[in-house]
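This report concerns only the one structure given below.
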Amino acid sequence: MKVQELVNKFQGELKISPFHILKVLSQIEEKDISFYLINPNLEVRESSVRNILKHFKEGYPIEYITNKVKFMGNEFYVNENVLIPRIETEDLVIFAINLIKEEKIKNVLDIGTGSGAIAISIKKNINDINVKASDISSEAIKTAKYNAKKLGANVEFKTGAYLEPFLEELNEIELIVSNPPYVETDFIDSNTSLKYEPYIALNGGNDGQNFFRVITKKYSNLLINKYLIFESSEFSINKTAMILSNIGVPKIIPDSFGKGRFVFISPD
Ligand code: GLN
């Protein structure tokens, strides 16, 4: 299929603008859009046509096609085993970096690291600290390790749920950060844009709060006297804060769009 034919097909069938079609094509093939404007009769690669179809017809994320996403100025490798890092989470990283600098924190743990975006970004911004990270999925840990190597960040990764892999070293940890699964189960099932991302990274149970409940029930003794920053849903942030109030005094921090998004707890 020629470039021109591809544009006509999607413009007609799915009402997608030529610019949008060429933008996606150019991302997939790593070319400038002008390349296609100059060569409208060029044959588009078979695999590109298939991927564009999958993206526009089924909502398959472009990041899983190109296997990359920009986060805090670095390019992370992503695949279907990890959540695609979101802009909101950059706010969490910026907040953590400021806190680490102000409070001279030296030991940080990221729970549910996925692609490693949070842990690696923190380490890349402040080299003089120890950063550890865990994830329940060994495939995610593989991806995170790959990113750490690619980006030259020395982060210690271990596979396991919640705090389990680092229980013995937990004493020395001063700050725990996490973007845990917090989406309501019904919402994931009814949302096409989330259906290709790992269920385990998104699913927070009926009310999205399972992770926070487990953390407070199972580990509250281990969490007192640490800094904690958790991302949660803008729709349930008050509930998250209420659950976490069993550990310390929660403060709701907004994201850059003014939505209550993070719960922050300081040591007493
Ligand atoms: N921010 C993601 C979303 O709303 C959810 C990430 C998560 O569950 N940690 O799609």
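The values are calculated or read from the model by the stated rules, or taken from the named source; none is laboratory data. All figures in this text were calculated on a predicted structure; none of them were measured in a lab. Using ideal geometry, Cβ is built from the backbone for each residue, glycine included, and neighbour counts are taken over all protein chains shown. Just so you know, the surface numbers come from the protein's heavy atoms only, side chains and all, with ligands and any DNA or RNA stripped out. Shrake-Rupley method; radii C 1.70, N 1.55, O 1.52, S 1.80 Å.
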### Isotropic mean projected area of the C-alpha convex hull, region 164-221 (nm²)
4.7 nm²
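Using a Förster radius of 45 Å, what is the FRET efficiency between Ile16 and Asp268 based on their Cβ-Cβ separation? Nearest 0.05, please.
That pair, Ile16 with Asp268, gives E of 0.25.
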### Task
Report, largest value first, the span of the C-alpha coordinates of region 3-61 along each principal axis, in whole Å.
29, 22, 18
### Task
Could you please report the charge total around Tyr77, scoring K, R as +1 and D, E as -1 over all other residues with beta-carbon less than 11 angstrom from its beta-carbon?
+3
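Can you sort Met1, Met242 by solvent-accessible area, 1.4 Å probe, largest first?
I get Met242, Met1, largest accessible area first.
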### Task
Have a look at the DSSP beta bridges in region 1-147 and tell me what percent are antiparallel, nearest 5.
50 percent
### Query
Considering the chain, what Rg and Dmax in Å follow from its alpha-carbon atoms?
20.6, 67
## Note on the structure
For the chain, the accessible surface attributable to carbon and sulfur atoms (probe 1.4 angstrom, ligands and nucleic acids excluded) amounts in percent to 50 percent
### Query
Thr159 versus Glu80, label points 7 Å from Cα toward the beta carbon: distance in nm?
1.9 nm
### Query
Most mobile of Val183, Val24, Val82 per a Gaussian network model of the chain (Cα springs, under 10 Å)?
Val24
### Task
Could you list, in their original order, any pairs among Lys101/Lys251; Lys15/Lys57; Lys23/Lys123; Lys123/Lys217 whose Cα atoms are separated by more than 22 Å?
Lys23/Lys123; Lys123/Lys217
### Query
Based on the Kirkwood radius over alpha-carbon pairs, what is the Stokes-Einstein translational diffusion coefficient of region 1-104 at 25 °C with 0.890 mPa s viscosity, in µm²/s?
157 µm²/s
#### Entry: For the chain, share of DSSP beta bridges that run antiparallel, in % to the nearest 5
40 percent
### Query
Per Stokes-Einstein, at 4 °C and 1.567 mPa s, what whole-number D in µm² s⁻¹ belongs to region 75-135, with the Kirkwood radius over Cα pairs as the hydrodynamic radius?
108 µm²/s
### Query
Taking a point 7 angstrom from the Cα of Ser256 along the C-beta vector, which residues in region 62-83 have backbone N less than 17 Å away?
69-76
### Message
Between region 187-252 and region 1-54, how far is it from one alpha carbon centroid to the other, in angstrom?
### Response
40 Å
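Considering the convex hull of the alpha carbon atoms of region 101-229, report its projected area averaged over all viewing directions, in nm², one decimal. Spell out each step's value before the answer.
Values: hull surface 32.8 nm².
If I average the Cα hull's projected area over directions, I get 8.2 nm².
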### Task
Can you work out the accessible area per residue across region 94-187, with the rest of the protein chains kept in place, probe 1.4 Å, in square angstrom?
45 Å²
